[in-house]
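Notes for the one structure printed next.
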Amino acid sequence: MPALLLKIQLMCLGVEFSTTLELTKINIVDNHSPFQRGAGGIKTMTKKSKVLLIYTGGTIGMMEDAKSGHLIPFDFKQLKEQIPELNKFNVDLSSISFENPLDSSNMQPEIWVKIAKLIEKKYSKVDGFVILHGSDTMSFTASALSFMLENLNKPVILTGSQLPIGTIRTDGKENLITAIEIAAAKEKGKSIISEVCIYFESQLYRGNRTHKFNSEHFKAFHSANYPILAEAGVTIKYKFNALKKASTQKLKIHTSLNPNIAILKLFPGITQNIVEAILNAKGIKAVILETFGSGNASTQKWFINAIKTTIDKGIVILNVTQCNAGAVEQGKYATSASLAKMGVIGGADITTEAAVAKLMFVLGSTNNKKEIEKLLKSDLRGEMTDN
Ligand code: ASP
């Protein structure tokens, strides 16, 4: 089947570059009977599911070139030959690859928009999506997609690996195979998962609750404030109580994102100059204030004044804790009471990654201050526990 080339223009840091998406249908349908692994013996798939694999880049898609020993991008056209285990699945798998795979450190909101549009385009044609992505910014992408894709009733599973798929000890094979299995999994004809998730090292997480905490271990992610959604062992055990309910409404995608935000991480000794430089940055619309403990900050006069002046100018300040687990509770200590009084918005137990994505999404959706505040205080996609 001839490859269909789609040119997409991406603006990155003012430099224009182009990425070519190559659409190549890989039909790996075989005559094996439908697989029946699943939660406690549930038949996760009785009818052939269709899964679309979107390869954006990252370590997972690399393999060692036999001659040079260098890591080169894996050819997804030969997926079936490279990962013969996939033959055991009765999944109708197709794939789309970025021709120039990205290290996820180069991920940009413009690319999130392209991915969201691609998902919208293919939504009615497949039962689930697996996005192969570098682990470094995977939590940001998963968070962004969770806000951009409203009313999901199909799974969007991001995965990647710490070692390239073409190396002997790779964690990529298991991650990829199980992510496909989860994306294909159905119960009573309906997808088990209907949200944006990350699957990594035996665990399925709600994407907008994750944080990459380890660059060395295969277990690279955690979700400190929300339970895992499934655990893959001999069977895949879904935690049905923790799963998002499938929407009965039509998928709606949001593609307007406003990246004019900053993160101000506090530390003892941070100077007035630095704080003011960030708060006065040109074009800034919102600041994530990464505070201590349950949302506490210095009560020095210059600091309080800087925050107050910023809020008076109409800039949104969202209080997110530096701690991995737990929540912001403004007013618990005197050191956070003044923040609440000035109009700093408490971010509850949201992660910094989800806060970045949520602010871009909310600021892209409305200019109305009251509406912005209401949205930031509400749990929109399971990203935070309601205050
Ligand atoms: N630097 C890589 C990336 O995030 C690491 C990985 O793939 O895990 O793209």
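The values are calculated or read from the model by the stated rules, or taken from the named source; none is laboratory data. Bear in mind that the values here come from a model prediction, so they are computed numbers and not experimental data. Note that each Cβ is placed from the backbone with ideal geometry, even for glycine, and that neighbours are counted across all protein chains shown.
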Kindly indicate whether any position in the stretch 122-136 is closer than 23 Å to residue 350 by Cα, touching a Cys at 6+ places or on another chain (Cβ under 7 Å) and assigned by TED's automatic domain parsing to the domain that holds residue 96.
no
Name the single residue, out of those in the stretch 56-81 being polar (S, T, N, Q) and farther than 15 Å from residue 163 by Cβ, that is nearest to the ligand (Cβ to nearest atom).
56
Taking the stretch 324-334, which residues are surrounded by fewer than 17 Cβ atoms within 10 Å (Cβ to Cβ) and touching a residue at least 12 places away in the same chain (Cβ under 8 Å)?
324, 325, 326, 332, 333, 334
Exactly one of 265, 237, 245 is touching a residue at least 40 places away in the same chain (Cβ under 8 Å) and not assigned by TED's automatic domain parsing to the domain that holds residue 186, and that residue is 265
Looking only at the stretch 127-185, and only at residues there that are of a type in the set (Gly, Ala, Ser) and touching a His at 6+ places or on another chain (Cβ under 9 Å), the one that is farthest from the ligand (Cβ to nearest atom):
142
Is it the case that the stretch 210-222 has a residue that's in the same structural domain as residue 53 (by TED's automatic domain parsing), away from the ligand (no atom under 12 Å from the Cβ) and surrounded by 23 or more Cβ atoms within 10 Å (Cβ to Cβ)?
yes
For the stretch 165-196, name all the residues that are assigned to a helix (DSSP H, G or I) and of a type in the set (Val, Ile, Thr).
177, 178, 180, 182
Counting just the residues of the stretch 100-119 that are in contact with a Pro (Cβ under 9 Å, 6 or more places away or on another chain) and not in a helix (DSSP H, G or I), which one comes out nearest to residue 260 (Cα to Cα)?
108
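Residues are listed down the side, and each one gets a yes or a no for (1) free of Cβ contacts under 8 Å to residues at least 40 places away in the same chain; (2) of a type in the set (Lys, Arg); (3) surrounded by fewer than 20 Cβ atoms within 10 Å (Cβ to Cβ):
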residue	(1), (2), (3)
138	no, no, no
153	no, no, yes
167	no, no, yes
175	no, no, no
188	yes, yes, yes
Can you confirm whether the stretch 99-107 contains a residue that is within 18 Å of the chain's Cα centre (by Cα), within 16 Å of the ligand (Cβ to nearest atom) and small (Gly, Ala, Ser)?
yes
Residue check, residue 290 crowded, with 16+ Cβ neighbours inside 10 Å and more than 28 Å from residue 225 (Cα to Cα)
no
With respect to residue 380, determine if the residue is among the aliphatic types (A, V, I, L, M), closer than 21 Å to residue 284 by Cβ and either free of Cβ contacts under 8 Å to residues at least 40 places away in the same chain or surrounded by 14 or more Cβ atoms within 10 Å (Cβ to Cβ) (or both).
no
